[in-house]
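Accompanying notes for the structure given below.
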Amino acid sequence: MREPTRRLQSVDALRGLTVAAMLLVNDAGDWSHVHPWLEHADWHGCTPADFVFPFFLFIVGVSIGLSLVPQLEAGADARELRRKAGWRGLRIVLLGLGLSAVAWLTIGGGHAYRPMGVLQRVGVCFALGALVAVRWRTARAQWALIAVILLGDWALLAAGGSLEPDANLADRIDSWLLGSHAYLYDAASGRGRDPEGLLSTLPALATVLLGLRAAAWVRSGAMRSLLLGGALAMAAGAAWSGVLPLNKQLWTSSYVLWTGGAAMLALAVAHGLVDQCGWPPLGPSFGLNAITAYAGSWLAICALEGSGVMRPLYAQAFATPLAGFAPWVPSLAFAAAFTGAWWLAMAALHRRGWRLVI
């Protein structure tokens, strides 16, 4: 028996903790001194920071499975659901483009406008994930699509002839289509690279679809399947990494399975503790207003950096008082204080029952 449609506190909590981790990773006080756990892998490899974005996309898929799929089963019009999902995905993309414009205007430092970004990928993957949920409803079809995406992306990267920076197919595509608008661009060589680039969005969709399948297990009460699926996905990702390295910037198929499996296990633990055992959830206020927190924190950093306040604020409130510690301590302290401030802001919205939906 499937559980009735209801909002699961565990999902809001897991989303909230993921957004909090995202703010910690994105908002170091001093980028020259970042705690190793909050640094992304330079290229191949997977650090704790590299789990954050795939966790968020995984939860996007879980949310689709817990909200849109029950509506389909209740007889909602599929065309209308596709339309609503498409428009919401577009709004998220437009918000991401707007935030990129603000950053370009305030702290761009002469660099070209960057059209790609986290919210742009979230919006595209949300819309496509919802389309899959409506169009291919069976578990067999969705698992088959995941397999096709993972194997297809592996084949494309292999056909590109290299997995090294700038020489791989994904970077060559970004150099050709994005040019100076890529996140990293070398004017001398004309090479560009973007961690939210075009080709890597395809396997990112597979991360969302893993969340969609995980939601089906949660709704049917198949927690053993969720735990086993998470363990097997991580094992498969680890084994695959021997020939296709874990790589966040390329979003390799091994990385999809490794991080997606970890997200399944985290969901199983959160669901068991919060929804089934009644433990108080951590982070639901962040989870209920996840995009608001992300967008607000982005604008706050743009305001601090663009106004010139950031450097003296960091020096006086963090670097000088904590000068006797390791250099990463004041940097981490700023990130923690900044994240805490947004946690309090989202908690205030939560207490008032305000939820800002994009």
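Filtering Gly287, Gly242, Gly283 for residues that are more than 20 Å from Thr47 (Cβ to Cβ), surrounded by fewer than 24 Cβ atoms within 10 Å (Cβ to Cβ) and of a type in the set (Gly, Ala, Ser) leaves a single hit, Gly283. Just one of the listed residues (Val218, Val208, Val148) is in contact with a Cys (Cβ under 7 Å, 6 or more places away or on another chain) and either without any contact (Cβ under 8 Å) to a residue 60 or more places away in the chain or closer than 20 Å to Phe55 by Cβ (or both), namely Val208. Selection of the range 275-308 for residues being of a type in the set (Val, Ile, Thr) and at pLDDT 95 or above yields only Ile301. Do you know which of the residues in the range 341-356 that are assigned to a helix (DSSP H, G or I) and aromatic (Phe, Trp, Tyr) is surrounded by the most Cβ atoms within 10 Å (Cβ to Cβ)? The residue in question is Trp342. Quick one: would you say Phe338 is more than 27 Å from Leu94 (Cβ to Cβ), at pLDDT 95 or above, hydrophobic (A, V, I, L, M, F, W, C) and surrounded by 16 or more Cβ atoms within 10 Å (Cβ to Cβ)? Answer is no for this residue. Exactly one residue among Arg7, Arg79 is out of contact with any helix residue (DSSP H, G or I) (no Cβ under 7 Å at 6 or more places or on another chain), surrounded by fewer than 22 Cβ atoms within 10 Å (Cβ to Cβ) and part of a helix (DSSP H, G or I), and that residue is Arg79. Pairing residues of the range 288-304 that are on the phi < 0 side of the Ramachandran plot with residues that are aromatic (Phe, Trp, Tyr), at Cβ distances under 6 Å and at least 6 apart in sequence or on separate chains, gives Ala293/Phe286; Ala293/Trp342; Ser297/Trp342.
Scanning the range 269-294 for residues that are over 17 Å from the mean Cα position of the chain (by Cα) and among the hydroxyl-bearing types (Ser, Thr, Tyr) returns a single hit, Ser285. When the residues of the range 160-181 are filtered to those that are among the hydrophobic types (A, V, I, L, M, F, W, C) and surrounded by 18 or more Cβ atoms within 10 Å (Cβ to Cβ), the one that is farthest from Trp258 (Cα to Cα) is Leu178. Residues in the range 99-110 that are surrounded by 14 or more Cβ atoms within 10 Å (Cβ to Cβ) and either of a type in the set (Ser, Thr, Tyr) or part of a helix (DSSP H, G or I) (or both): Leu99, Ser100, Ala101, Val102, Ala103, Trp104, Thr106, Ile107. When you look at Thr259, is it under 30 Å from Ser162 (Cβ atoms), surrounded by fewer than 21 Cβ atoms within 10 Å (Cβ to Cβ), within 15 Å of the chain's Cα centre (by Cα) and among the polar types (S, T, N, Q), yes or no? In short, no. Among the residues of the range 26-45, the ones that are touching a His at 6+ places or on another chain (Cβ under 9 Å) and surrounded by 22 or more Cβ atoms within 10 Å (Cβ to Cβ) come to 0 in all.
Phe318 - would you say it is farther than 22 Å from Gly108 by Cα, more than 26 Å from the chain's Cα centre (by Cα), crowded, with 18+ Cβ neighbours inside 10 Å and of a type outside the set (A, V, I, L, M)?
Yes; evaluated as a whole, the condition is true for this residue.
Residues of the range 226-259 that are assigned to a loop (DSSP other than H, G, I, E, B) and under 17 Å from Pro54 (Cβ atoms): Ser241, Leu244, Pro245, Leu246, Asn247, Lys248, Gln249, Leu250, Trp251, Thr252.
For Ala231, are the conditions met, namely being under 17 Å from Ala341 (Cβ atoms), surrounded by fewer than 16 Cβ atoms within 10 Å (Cβ to Cβ) and of a type outside the set (D, E, K, R)?
Working: under 17 Å from Ala341 (Cβ atoms): no; surrounded by fewer than 16 Cβ atoms within 10 Å (Cβ to Cβ): yes; of a type outside the set (D, E, K, R): yes.
Judged against the criteria, Ala231 is not a match.
In the set (1) at pLDDT below 95; (2) touching a Leu at 6+ places or on another chain (Cβ under 7 Å); (3) farther than 22 Å from Ala41 by Cβ, Arg135 fails one condition alone, (2). Selection of first residues in the range 94-115 that are of a type in the set (D, E, K, R) and of second residues that are buried (at least 16 other Cβ atoms within 10 Å of the Cβ) and assigned to a loop (DSSP other than H, G, I, E, B), restricted to Cβ pairs under 8 Å at least 6 apart or on distinct chains, gives the following pairs, ordered by first then second residue: Arg114/Ala182; Arg114/Tyr183; Arg114/Asp194. The residues listed here are Leu184, Leu198; of these, the one that is over 17 Å from the mean Cα position of the chain (by Cα) and either more than 30 Å from Glu73 (Cα to Cα) or surrounded by 14 or more Cβ atoms within 10 Å (Cβ to Cβ) (or both) is Leu184.
Taking the stated definitions as given, is Arg2 at pLDDT below 95, within 25 Å of Gly296 (Cα to Cα) and not in a helix (DSSP H, G or I)?
Considered against the rule, which asks whether it is at pLDDT below 95, within 25 Å of Gly296 (Cα to Cα) and not in a helix (DSSP H, G or I), Arg2 comes out as no.
Regarding the range 61-76, can at least one residue be identified that is assigned to a helix (DSSP H, G or I), modelled with pLDDT of 95 or more and within 16 Å of Trp251 (Cβ to Cβ)? Taking every residue of the range 61-76 in turn, at least one turns out to be assigned to a helix (DSSP H, G or I), modelled with pLDDT of 95 or more and within 16 Å of Trp251 (Cβ to Cβ).
The values are calculated or read from the model by the stated rules, or taken from the named source; none is laboratory data. These numbers come from a predicted model, not from an experiment. All Cβ positions, glycine included, derive from the backbone under ideal geometry; neighbour counts span all protein chains shown.
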